[in-house]
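The values are calculated or read from the model by the stated rules, or taken from the named source; none is laboratory data. Please read all numbers here as calculations on a predicted model, not as lab measurements. Note: ideal-geometry Cβ built from the backbone for every residue, glycine included; neighbour counts use all protein chains shown. What goes into the accessible areas is simple: the full protein's heavy atoms, side chains included, and nothing from ligands, DNA or RNA. Shrake-Rupley method; radii C 1.70, N 1.55, O 1.52, S 1.80 Å.
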Amino acid sequence: MTDQAYNFAYLDEQTKRMIRRAILKGLAIPGYQVPFASREMPMPYGWGTGGVQVSAAVLTPDDRFKVIDQGADDTTNAVSIRSFFERTAGVATTTVTADASIIQTRHRIPEEPLTEGQVLVYQVPIPEPLRFLEPRESETRKMHALEEYGLMHVKLYEDIARHGHIATSYAYPVKVEGRYVMDPSPIPKFDNPKMGDMAAIQLFGAGREQRIYALPPYTQVISLDFEDHPFEASKANHACGLCGSEDSYLDEVIIDDAGGRMFVCSDTDYCEARQAAGHKGQDAA
Amino acid sequence: MIPLLSVSDISKHYGAHIGCSDVSFDLYPGEVMGIVGESGSGKSTLLNCLAGHLVPDAGTVVFDTRADGPRDTVSMSEPERRMLSRTDWAFVHQHARDGLRMGVSAGGNVGERLMAVGDRHYGDIRDKATDWLTRVEIDAARIDDRPTTFSGGMQQRLQIARNLVTGPRLVFMDEPTGGLDVSVQARLLDLLRGLVRDMGLSAIIVTHDLAVVRLLADRLMVMKSGRVVEAGLTDQVLDDPQHAYSQLLVSSVLQV
Ligand SMILES: Nc1ncnc2c1ncn2[C@@H]1O[C@H](COP(=O)(O)OP(=O)(O)OP(=O)(O)O)[C@@H](O)[C@H]1O
Ligand SMILES: [Mg+2]
Ligand SMILES: [Zn+2]
């Protein structure tokens with residue numbers, strides 16, 4: 001039941017309109033960081049307050065909502081955000097990717113390709129991809145405005161100089177429609193290719209940093225690289241121990257006190273659906 | 001011949017206070033202009049107006065661009081000016097840390113301008129960085145070290161390499177040897193003189209140090225209270241100063 005002490009989805013209508021305006025602007029200028037007046041939410045920063053505000057602004061009573069944290073629906077963070085919207089918006093929830101109309105995520109893109117009509121909302125800790133080398137915001141804003149992105153390659157250069165290859169494996173920078181360089185949030189670079197040409201709408205919310213950015217459906221998203229060190233969407237070179245998938249992003253988990261390990265899909269819904277369909281990995285019971 | 005840089009009536013005030021006033025001169029390709037004067041005479045203000053770091057209150061700075069010939073850089077758009085800053089222009093700061101990225105390796109520092117103009121081949125960038133480190137007498141083995149581990153003289157040479165790697169046509173230098181030990185200064189000056197000659201660079205060098213201009217500058221401007229009080233060939237000005245202030249300066253009374 002909706003708790004009547006709250007407006008639908010917690011935020012008041014005026015705030016939601018303000019956030020929607022920022023989202024629309026973001027969709028109109030793919031990859032551009034739109035400032036917005038982030039509100040206090042009844043959860044600490046770092047718990048996805050940016051994503052929560054974006055979700056609150058786009059949710060309707062007819063939506064079916066899914067929340068994942070590193071691919072899983074059942075972590076504390078995912079459970080608490082899901083129950084927050086059950087309580088404040090009374091919306092239906094699901095763990096099934098294909099059944100969800102809005103998916104809020106931290107650190108992953110679901111394995112199952114998203115479709116038209118779905119919205120993927122990312123929680124973003126640091127929206128500015130240039131911050132690593134240029135802490136002055138006045139300067140990074142100018143760099144975006146003037147398309148001065150050489151610094152982004154300096155970061156990748158440093159990576160190769162230090163590690164022999166591009167070691168950045170999360171929050172790997174991308175260029176959107178040949179224009180804005182964007183931080184995809186700390187998803188594994190394995191997920192980067194899924195962002196490009198995606199049928200669903202992708203919205204990014206950074207609460208503490210007060211920024212929203214967006215990718216409309218079917219947007220070109222290219223991961224930065226060097227000619228002689230091309231981008232690779234790498235993952236652990238294993239199959240899922242439970243469902244046998246060779247194409248999904250894997251987490252390494254410890255399974256017993258003796259330090260036994262196994263690789264399993266980080267996308268729990270994907271893995272469970274495969275197991276239910278009869279796929280078996282070598283560690284499956 | 002068309003001047004590479006043609007400066008007309010540049011003035012810059014800080015509130016009611018004069019930074020520099022009515023400065024005009026032409027710089028021809030391959031020429032090195034020295035600017036000397038006591039502390040507070042407006043040298044840095046002028047240099048920053050010329051390099052696009054400060055917006056002058058009045059005047060024009062016409063640069064002979066590769067693409068479109070002479071253009072006033074004061075009134076051109078900021079993106080165009082910033083593009084010049086990382087291609088045809090270079091700026092060497094007195095304090096290396098103002099001109100280097102201290103958190104980035106020496107190779108990354110040299111490579112930045114290359115990447116800024118579109119180089120996307122790691123191996124090529126690294127080769128060019130190695131070449132430039134060698135040219136400024138930094139051991140190529142230090143390519144992956146951060147400038148924080150370099151001596152002051154090495155940092156300054158790294159700053160020069162980072163600036164010259166894209167083959168600029170005009171180099172602005174503000175006290176490039178300031179703050180360095182005398183022996184380190186001498187080595188840096190030798191290096192600069194070699195580079196200026198080999199690359200046929202045009203440069204504008206601001207300094208307190210008459211030895212620097214004697215060695216590097218073809219022509220000299222003497223500034224006092226924001227104005228140019230005397231200008232001419234370096235040897236003429238130094239050996240036969242006409243203005244009373246230049247005479248004081250040369251007689252070393254004002255040398256700091
Ligand atoms: N940001 C500023 N705000 C106000 N006044 C300034 C500013 N910068 C410089 N000035 C003043 O403008 C005048 C010229 O200063 P400028 O820094 O150009 O001199 P300079 O010849 O480079 O001196 P130095 O040899 O000490 O570097 C000085 O009187 C100085 O106090
Ligand atoms: Mg100065
Ligand atoms: Zn699996």
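Suppose accessible area is computed on protein heavy atoms with a 1.4 Å probe; arrange A:LYS189, A:LYS142 from highest to lowest. Mind dumping the intermediate values first?
Details: A:LYS189 20, A:LYS142 70 Å².
Sorted descending by solvent-accessible area, the residues read A:LYS142, A:LYS189.
Just to verify a number: what accessible area does A:VAL253 come out at with the full protein assembly present, 1.4 Å probe, Å² rounded to tens?
50 Å²
Residues of segment A:84-120 with amide nitrogen under 11 Å from the 7 Å Cα-to-Cβ point of A:ALA276?
Residues passing the 11 Å test: A:95-99.
For the full complex of protein chains and a 1.4 angstrom probe, list A:HIS163, A:HIS144, B:HIS121 by accessible area with the highest value first.
Working: A:HIS163 95, A:HIS144 15, B:HIS121 55 Å².
Ranked list, largest accessible area first: A:HIS163, B:HIS121, A:HIS144.
Only counting protein heavy atoms at a 1.4 Å probe, give the residues of segment B:64-95, ordered by number, whose accessible area falls by 20 Å² or more when the other protein chains are present relative to the chain alone.
B:GLU78, B:PRO79, B:ARG82, B:ARG86
Enumerate the whole-percent occupancy of each 10 Å bin, from 0 to the last occupied one, for all C-alpha pair distances of chain A.
7, 28, 34, 23, 9, 1
Report D for segment A:38-98 in µm² per second (integer): Stokes-Einstein, Kirkwood Rh on Cα pairs, 37 °C, 0.692 mPa s. Don't skip to the end; give the middle numbers.
Numbers: Rh = 11.9 Å.
Answer, rounded: 277 µm²/s.
In terms of the Cα gyration tensor, with a ≥ b ≥ c the square roots of its eigenvalues, is segment B:83-168 rounded because a/c is under 1.5, prolate because a/b exceeds b/c, or oblate?
Numbers: a/c = 1.66, a/b = 1.14, b/c = 1.45.
Oblate.
Quickly estimate the mean residue ellipticity at 222 nm for chain B, helices only: each DSSP H run with n ≥ 4 gives -39500 (n - 2.57), and the total goes over all residues, rounded to 500.
Numbers: 10 runs with 97 residues, N = 256.
That calculation yields -11000 deg cm²/dmol at 222 nm.
I need two numbers for segment B:22-83: Rg to one decimal and Dmax as a whole number, Cα atoms only, in Å.
12.5, 38
Over segment A:46-99, what is the mean sequence separation of C-alpha contacts under 8 Å (at least six apart), divided by residue count, expressed as relative contact order in percent? Numbers along the way, then the final one.
Numbers: 46 pairs, mean separation 20.3, N = 54.
The value is 38 percent.
Take chain B, connect every pair of alpha-carbon atoms lying under 10 Å apart with a spring to form a Gaussian network, then pick out the residue of B:ARG157, B:ARG219, B:ARG135 with the largest mean-square fluctuation.
Comparing B:ARG157, B:ARG219, B:ARG135 in the GNM, the peak value goes to B:ARG135.
Multiply the residue gap between A:ALA199 and A:ALA37 by 0.36 nm, knock off their C-alpha separation, and tell me the result in nm, one decimal place.
55.5 nm
Skip the ligands, DNA and RNA, and give the accessible area per residue of the protein assembly as shown with a 1.4 Å probe, whole Å².
Details: 23120 Å² over 541 residues.
In whole numbers, the protein assembly as shown has 43 Å² accessible per residue.
Looking only at B:ILE138, B:ILE204, B:ILE160, which one moves most when chain B is put into a Gaussian network model with springs between Cα atoms under 10 Å?
B:ILE138
Counting only protein heavy atoms, what percent of the accessible surface of segment B:90-195 is carbon or sulfur at a 1.4 Å probe? Write down the numbers at each step before the final one.
Details: 1770 of 3880 Å².
On segment B:90-195, the fraction of accessible area on carbon and sulfur atoms equals 46 percent.
Return the percentage of antiparallel bridges among DSSP beta bridges fully within chain B, rounded to the nearest 5 %.
Details: 22 of 40 bridges.
Antiparallel bridges make up about 55 percent of those DSSP assigns within chain B.
Using a 1.4 angstrom probe on the protein heavy atoms only, line up A:SER55, B:SER24 by accessible area, largest first. Mind dumping the intermediate values first?
Values: A:SER55 0, B:SER24 60 Å².
The ranking, largest first, comes out as B:SER24, A:SER55.
State, in angstrom, two size descriptors of the protein assembly as shown derived from its alpha carbons: Rg to one decimal place and Dmax to the nearest whole number.
Using the Cα atoms of the protein assembly as shown, the pair Rg, Dmax is 29.6, 98 Å.
With a cut-off of 8 Å between alpha carbons and a minimum separation of six or more residues, what is the relative contact order of chain B in percent? Could you put the intermediate results ahead of the total?
Numbers: 487 pairs, mean separation 66.0, N = 256.
Worked out over chain B, it gives 26 percent.
Tell me, what is the FRET efficiency for A:ALA236 and B:ALA67 to the nearest 0.05, using R0 = 60 angstrom and their Cβ-Cβ distance as r? Kindly include the intermediate steps, with their values, before the conclusion.
Working: r = 50 Å, r/R0 = 0.83.
Computed FRET efficiency for A:ALA236 and B:ALA67: 0.75.
Roll a 1.4 Å probe over the protein heavy atoms and report the accessible area of B:ARG66 in Å², nearest 10.
About 150 Å², ignoring ligands and nucleic acids.
For segment B:196-219 and segment B:55-112, compute the distance between their C-alpha centroids and round to whole Å.
The two parts, judged by their Cα centres, are 19 Å apart.
Tell me which of A:CYS240, A:GLN118, A:ILE212 sits at the most positive position along the dipole axis of the protein assembly as shown, charges placed on C-beta atoms (Lys, Arg +1; Asp, Glu -1).
Going by the Cα projections, it comes out as A:ILE212.
Using the crude model of +1 on Lys and Arg Cβ and -1 on Asp and Glu Cβ, and no other charge, please compute the dipole size for segment B:1-113 relative to its Cα centre, in debye to 20. Could you put the intermediate results ahead of the total?
Working: 10 positive and 14 negative charges, 102 e Å.
The dipole magnitude comes to about 480 debye.
Taking R0 as 45 Å, what's the FRET efficiency between B:THR60 and A:TYR218 from their Cβ-Cβ distance, rounded to 0.05?
Details: r = 48 Å, r/R0 = 1.07.
Result of the calculation: an efficiency of 0.40.
Restricting to segment A:1-109, compute how many DSSP beta bridges are antiparallel as a %, nearest 5. Intermediate results must be reported in sequence, preceding the final value.
Details: 2 of 9 bridges.
If I count the DSSP bridges inside segment A:1-109, around 20 percent turn out antiparallel.
Give the shape of segment A:83-212 as rounded, prolate or oblate, defined through the alpha-carbon gyration tensor: a ≥ b ≥ c are the square roots of its eigenvalues, a/c under 1.5 means rounded, and otherwise the shape is prolate if a/b is larger than b/c and oblate if not.
Working: a/c = 2.22, a/b = 1.75, b/c = 1.27.
Verdict is prolate for segment A:83-212.
Along its three principal axes, how long is segment B:179-256 when you only count alpha carbons? Whole Å, largest extent first please.
35, 27, 23
From the Cα gyration tensor of segment B:57-214, with a ≥ b ≥ c the square roots of its eigenvalues, which class applies: rounded if a/c is under 1.5, or else prolate if a/b is larger than b/c, or else oblate?
Working: a/c = 1.85, a/b = 1.19, b/c = 1.56.
In terms of gyration-tensor shape, oblate.
Counting only C-alpha contacts under 8 Å and six or more residues apart, can you give the relative contact order of chain A as a whole percent? It would help to have the intermediate numbers written out before the result.
On the way: 593 pairs, mean separation 59.3, N = 285.
Here the relative contact order equals 21 percent.
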